[in-house]
Amino acid sequence: MNMIVLDLEWNQSSTGSEPEVSIMPFEIIEIGAVMYGEDGKLISEFSELIKPRVYKKMHNFTSKLVHLQMEELEKGDTFENVSRRFFEWCGNDPVFVTWGPGDITVLQQNLRYFGQPLINEGPVAYIDAQKLYMLACEEDGKTRRNLEYVVDSFGIEKDIPFHRAFSDAYYTALVLRKILEKDSDVIKFISYDITFPPSDKEHEIRSIFPTYEKRISRVFKDRDAAFRDKETLATRCYICGKKARRKIRWFSMGDRKYYCLGECEEHGLIKGKIIMHPCSCPEGVFIVKTLRCVTDKEAAVVEKKFNKVREYRKHNTSGFPVKKTAGSTSGPVPEDNGE
């Protein structure tokens with residue numbers, strides 16, 4: 001099993017009028033990667049340009065950031081050929097590493113658009129080195145930094161320019177090594193790309209990390225169907241598995257996010273969060289749910305949100321304003337069945 005540190009450069013529409021924008025907003029123009037073995041030694045490198053077929057005019061932002069011109073890209077090969085060579089180079093069961101959450105999403109979208117096999121038909125597990133740096137090195141554990149900032153923070157020599165696919169993959173690999181030297185345990189915080197949700201209940205994702213639990217559900221017909229599933233509203237302690245006593249039932253402030261607050265006798269306050277995601281194929285919605293132990297201060301934030309919703313509903317019988325998403329319906333969240 002090899003670790004593939006990957007970076008992509010992509011172009012986008014200059015007008016926003018192309019029909020492809022809704023299904024492939026970014027077209028990959030360069031793939032760069034470095035491969036490491038399980039022993040941490042560099043094995044191989046990959047770098048290829050791709051000739052654009054959808055967005056043939058270079059977006060001003062892309063041109064300034066990436067320092068590539070269409071004349072150079074005309075020398076590239078098709079996405080189908082480059083992506084096929086890339087995955088052959090990756091070998092079997094690669095572990096992908098990126099800087100930030102965008103690259104895997106864009107790669108999946110391009111693979112689908114050009115009719116190529118997906119990395120995975122459902123969620124893709126990968127390592128987000130930017131998130132690992134945030135967890136290991138930022139005091140608040142929440143601030144995301146750009147790659148050059150982190151390279152400088154570790155005193156890594158900048159011997160090749162940034163903002164090309166191979167160079168950013170190269171720097172990401174060096175940074176990841178420094179992060180793991182500082183805190184090797186953060187590698188446990190795997191990320192998931194959810195461009196394509198799980199196909200059925202059997203393939204749903206339920207991962208327990210050192211500080212929280214995450215569930216990525218299958219697709220439901222609509223919001224109400226999602227909430228009829230007992231796992232959606234269940235609030236258990238992810239540490240001991242026992243049912244958490246409900247302190248604040250599930251509620252929403254009118255968007256696609258829902259919150260609750262529970263309490264485990266042994267492990268304290270637990271915040272629940274559900275994000276409802278629309279899905280076009282098949283049509284419906286799926287949820288990403290997290291359960292996390294929180295402090296009294298963090299719990300107070302949830303309580304403040306709940307009180308705001310409750311106060312609003314006292315004076316507005318129609319409920320809190322709802323921003324419609326695919327498959328969503330207005331109205332209160334069903335009662336938690338306590339499971």
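Structure remark: mean-square fluctuation, Gaussian network model of the chain, C-alpha springs under 10 Å; the largest value among 283, 30, 48 belongs to 283.
The GluC sites (Glu not before Pro) of the stretch 125-228 meeting both criteria, a DSSP state outside H, G, I, E and B (loop) and at most 15 other C-beta atoms within 10 angstrom of the site's C-beta, are 138, 139, 157. Remark on the stretch 3-191: Rg and Dmax equal 16.5, 48 Å (Cα only).
Extension gain for the segment residue 154 to residue 75, taken as residue separation times 0.36 nm less the Cα-Cα distance, is 24.8 nm to one decimal.
Note on the chain: GNM, Cα springs under 10 Å; of 297, 271, 56, the largest mean-square fluctuation is that of 297. So how far, in whole Å, is the C-alpha centre of the stretch 75-103 from the one of the stretch 160-191? Spelled out, the Cα-based centre of one part sits 17 Å from the other.
Give the Rg/Rh ratio for the stretch 230-273, taking Rg as the radius of gyration of the Cα atoms and Rh as the Kirkwood radius, to two decimals.
Over the Cα atoms of the stretch 230-273, Rg/Rh equals 0.99.
Listed by Cβ neighbour count within 10 Å, with the fewest neighbours leading, 27, 88 appear as 88, 27.
How large is the helix-only mean residue ellipticity at 222 nm for the chain, computed as the sum of -39500 (n - 2.57) over DSSP H runs with n ≥ 4, divided by its residue count, in deg cm²/dmol to the nearest 500? Could the numbers behind the result be given before it?
Details: 10 runs with 99 residues, N = 339.
So the helix-based figure for the chain works out to -8500 deg cm²/dmol.
Could you give me the percent of Cα pairs per 10 Å distance bin for the stretch 6-86, shortest bin first, beginning at zero and ending with the bin that holds the maximum distance? Percent of pairs per bin, in order: 17, 45, 26, 10, 2.
For a footprinting-style exposure proxy, rank 77, 7, 193, 296 by other Cβ within 10 Å, fewest first.
Values: 77 14, 7 27, 193 23, 296 9.
By the 10 Å Cβ count, ascending, the order reads 296, 77, 193, 7.
I'd like the per residue volume of the convex hull spanned by the Cα atoms of the chain, given in cubic angstrom.
Details: hull volume 55.0 nm³, N = 339.
Convex hull of Cα atoms, per residue: 162 Å³.
The GNM of the chain, with springs linking C-alpha atoms under 10 angstrom apart, assigns the highest mean-square fluctuation among 194, 248, 179 to 248. Restricting things to alpha carbons, find the Rg to Rh ratio for the stretch 199-315 using the Kirkwood radius for Rh. Result: Rg/Rh = 0.98.
Bear in mind these aren't lab numbers, they're just calculated from the coordinates by the rules spelled out. A quick note: this is a predicted structure, and the numbers were derived from the prediction, not measured. Note that each Cβ is placed from the backbone with ideal geometry, even for glycine, and that neighbours are counted across all protein chains shown.
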